[in-house]
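Worksheet for the structure shown next.
Nothing in this text is a laboratory measurement; each read-out follows from the coordinates by a stated rule. Keep in mind the model is a prediction, meaning the values are calculated, not measured. Quick reminder, even Gly has a Cβ in these numbers, built from the backbone with ideal geometry, and neighbours come from all protein chains shown.
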């Protein structure tokens, strides 16, 4: 939660202001605010595309760990380009293209049974 408070502290009193926030706050702060919205709304499903791409590895771990703690009942479908993102999931689906079309495959995650990420 320290990531949320440090990002919002700078904008206290002004966060409700109409502004070009995408030009004011960093990409990482925008992504942290997205996770804060998840905590507020607690949806049944979350679809994320590169939702941690602007975060360093420690902040990514903090944000993704929310799915084990505060968002444990949420179903998550996520895409990402970082190699370590696979450590957060129980199932990994891959799409591959061949001359006969697109194929869906499933593989086991690379992580062990520690509590590093969401269990889907």
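Kindly state, to the nearest 0.05, the FRET efficiency for residue 107 paired with residue 57, given R0 = 35 Å and r defined as their beta-carbon distance.
0.95
Order 61-74, 17-30 from most to least packed using the mean count of other Cβ atoms within 10 Å.
Averaged packing, sorted descending, gives the order 61-74, 17-30.
Can you tell me the length gained on complete extension of the stretch residue 47 to residue 65, counting 0.36 nm per residue apart and subtracting the Cα distance?
Taking 0.36 nm per residue and subtracting the Cα distance, the gain is 4.9 nm.
Based on the Cβ-Cβ distance of residue 18 and residue 79, what FRET efficiency does E = 1/(1 + (r/R0)^6) give at R0 = 30 Å, to the nearest 0.05?
With a Förster radius of 30 Å, E is 0.45.
Would you please classify the overall shape of the range 39-90 from the alpha carbon gyration tensor, given that a ≥ b ≥ c denote the square roots of the eigenvalues, rounded means a/c under 1.5, and beyond that prolate means a/b larger than b/c while oblate covers the rest?
Prolate is the answer for the range 39-90, as a/c is 1.5 or above and a/b outweighs b/c.
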